[in-house]
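A quick write-up on the structure given underneath.
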Amino acid sequence: MSGEFEEIRVRLEGIAEELADLAILRLRESIDAGGDELPIDERRLTRARRAVQKAADLLREPDDEGWQEA
């Protein structure tokens, strides 16, 4: 079963990175616009990134570097 979910895990990690980039972009836009509160979109994107990263971590093989039991 080793590596069976590797491709999906890698794609999920890529999606998590995209969500993080988008959240940072929202923060920059808010700062540039003079905002003094976190944008709602950034909060949602951060929660989604965490969920996607957790899914990727669950698919990690126990012998993979950095694997942790969730």
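Which of the residues spanning the stretch 2-47 are among the hydroxyl-bearing types (Ser, Thr, Tyr) and either touching a residue at least 40 places away in the same chain (Cβ under 8 Å) or in contact with a helix residue (DSSP H, G or I) (Cβ under 6 Å, 6 or more places away or on another chain) (or both)? Answer for the stretch 2-47, where residues must be among the hydroxyl-bearing types (Ser, Thr, Tyr) and either touching a residue at least 40 places away in the same chain (Cβ under 8 Å) or in contact with a helix residue (DSSP H, G or I) (Cβ under 6 Å, 6 or more places away or on another chain) (or both): SER2, THR46. Residue count for the stretch 13-45, restricted to those that are under 10 Å from the mean Cα position of the chain (by Cα) and farther than 21 Å from ALA55 by Cα: 0.
Just so you know, all these numbers are worked out from the coordinates, no wet-lab data involved. Note that the coordinates shown come from a computational prediction; the quantities given were computed from them, not determined experimentally. Counting neighbours? That spans all protein chains shown, and the Cβs are built from the backbone with ideal geometry, glycine included.
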